[in-house]
Amino acid sequence: MSISFRGIKTDHCSKSFVNPLLELQRFVSVPILSEQQDVFNPTEDEVMKGVSFFSGLRGSSKHSARFIGSYSDGGELPESDLPEVCFLGRSNVGKSSLISCLLFAHPQVRVSVSSKPGHTKKLNLYRVGSHFTLVDMPGYGHGMPPSFQHSVETYLSTRRRLCRTFLLVDGDTGLTGTDLTALDMLKEFGISYVIVLTKIDKAGRHKLLTNLMKILEVSRHKAGHTCFSQPFLVSSKNGDGVMLLQTFIAYLTGCVQIKGL
Ligand SMILES: Nc1nc2c(ncn2[C@@H]2O[C@H](COP(=O)(O)OP(=O)(O)OP(=O)(O)O)[C@@H](O)[C@H]2O)c(=O)[nH]1
């Protein structure tokens, strides 16, 4: 599948229609992803459909997003038949900021963000209409709550409708030792996941590319088939990559169909 993609870039959180991975590709002569690897490359029309699920507008019907609750034990979450995706990563990597950006069209939903690592102590659930649920997890590493391991492992091993885990890695810092431990855990649990590089606005192009290539190499060797081969690159500060990620989540949760997939 070809990876050409037309990006219409604006500096607005909900309007940044750009694939930062392909922007980076313009500066390297070798393909970042090989021809054989799966690529998520929706058309502009498909992106608009995906984004409409997040904005709450779908055809003539409207829906809203809401906060469901906070849970310190991964086994205590309310049962649901809706598909779910969760966001895992080091403390301060930008999980809550990304969820806030994904739910940008719903200012009534307050996602608490802090510059202090370890701010998110519980699993926080957000629901978009009656379509899917987003789960913000506590961060690992600095400021990690004592309940982290039990809570997150219970969640990952028991959640029936978990369709994908997003493992967030800081695009400016790159992979850390704790990220490698998280990759091992996901592999051990057989969890399907996708890597998301955050804070790409902070990283210079060279650093971002170096960190991205390292992640691709490690995920190829460590993760095998449980890791989706295309990482997503995002900035919650300027919205780059967010619409593409919204579309991917809408696709994973069965809300939109993407031609060729
Ligand atoms: N420049 C930049 N800063 C970001 C971005 N995303 C998050 N931040 C900042 O990073 C800090 C941590 O963001 P959070 O979203 O609270 O991170 P978290 O992963 O939920 O953190 P924990 O609660 O510790 O697990 C905040 O100061 C954010 O403003 C981004 O895309 N770009």
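The values are calculated or read from the model by the stated rules, or taken from the named source; none is laboratory data. Because the structure is a prediction, the values reported are computed rather than measured. Here the Cβ positions follow ideal geometry from the backbone for every residue, glycine too, while neighbour counts run over all protein chains shown. Calculation scope for accessible area: heavy atoms of the full protein, side chains included, ligands and nucleic acids excluded. Shrake-Rupley method; radii C 1.70, N 1.55, O 1.52, S 1.80 Å.
Quick check on this structure: which one of Leu162, Leu134, Leu183 is under 18 Å from Cys227 (Cβ atoms) and in contact with a helix residue (DSSP H, G or I) (Cβ under 6 Å, 6 or more places away or on another chain)?
After applying the criteria, what remains is Leu183.
Return yes or no: is Val234 closer than 18 Å to Gln25 by Cα, in contact with a Ser or Thr (Cβ under 8 Å, 6 or more places away or on another chain) and of a type outside the set (Gly, Ala, Ser)?
Working: closer than 18 Å to Gln25 by Cα: yes; in contact with a Ser or Thr (Cβ under 8 Å, 6 or more places away or on another chain): yes; of a type outside the set (Gly, Ala, Ser): yes.
Against the criterion (closer than 18 Å to Gln25 by Cα, in contact with a Ser or Thr (Cβ under 8 Å, 6 or more places away or on another chain) and of a type outside the set (Gly, Ala, Ser)), Val234 qualifies.
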Looking at the range 130-151 only, could you name the residues that are within 26 Å of Gly56 (Cβ to Cβ) and either more than 8 Å from the ligand (Cβ to nearest atom) or assigned to a loop (DSSP other than H, G, I, E, B) (or both)?
Ser130, His131, Phe132, Thr133, Leu134, Val135, Met137
Go through the range 155-191 and count every residue that is loosely packed, with under 15 Cβ neighbours inside 10 Å, under 19 Å from Leu209 (Cα atoms) and among the charged types (D, E, K, R).
0
List pairs: first in the range 109-120 and without any contact (Cβ under 8 Å) to a residue 12 or more places away in the chain, second surrounded by 13 or more Cβ atoms within 10 Å (Cβ to Cβ) and of a type in the set (Lys, Arg), Cβ under 7 Å, 6+ apart or cross-chain?
none
Considering each residue of the range 104-129, count those that are part of a loop (DSSP other than H, G, I, E, B) and away from the ligand (no atom under 15 Å from the Cβ), and give that number.
5
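If you go through the range 103-127 one residue at a time, how many are among the β-branched types (Val, Ile, Thr) and either open to solvent by 50 Å² or more (accessible area, probe 1.4 Å) or under 15 Å from the mean Cα position of the chain (by Cα) (or both)?
The qualifying residues number 1.
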Quick check on the range 192-201. Is at least one of its residues within 13 Å of the ligand (Cβ to nearest atom), open to solvent by less than 40 Å² (accessible area, probe 1.4 Å) and hydroxyl-bearing (Ser, Thr, Tyr)?
yes
Taking only the range 32-86 into account, find how many residues are within 23 Å of Tyr193 (Cα to Cα), open to solvent by less than 30 Å² (accessible area, probe 1.4 Å) and not in a helix (DSSP H, G or I).
12
Provide a single number: the residues in the range 247-261 that are open to solvent by 10 Å² or more (accessible area, probe 1.4 Å) and within 17 Å of Leu103 (Cβ to Cβ).
3
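I'd like the residue in the range 202-231 that is of a type in the set (D, E, K, R) and over 12 Å from Thr173 (Cα atoms) and, out of all such residues, is least open to solvent (accessible area, probe 1.4 Å).
Only one residue fits best here, namely Lys222.
Kindly indicate which of Thr165, Thr154, Thr178 is within 16 Å of the ligand (Cβ to nearest atom), assigned to a helix (DSSP H, G or I) and among the hydroxyl-bearing types (Ser, Thr, Tyr).
Result of the check over Thr165, Thr154, Thr178: Thr178.
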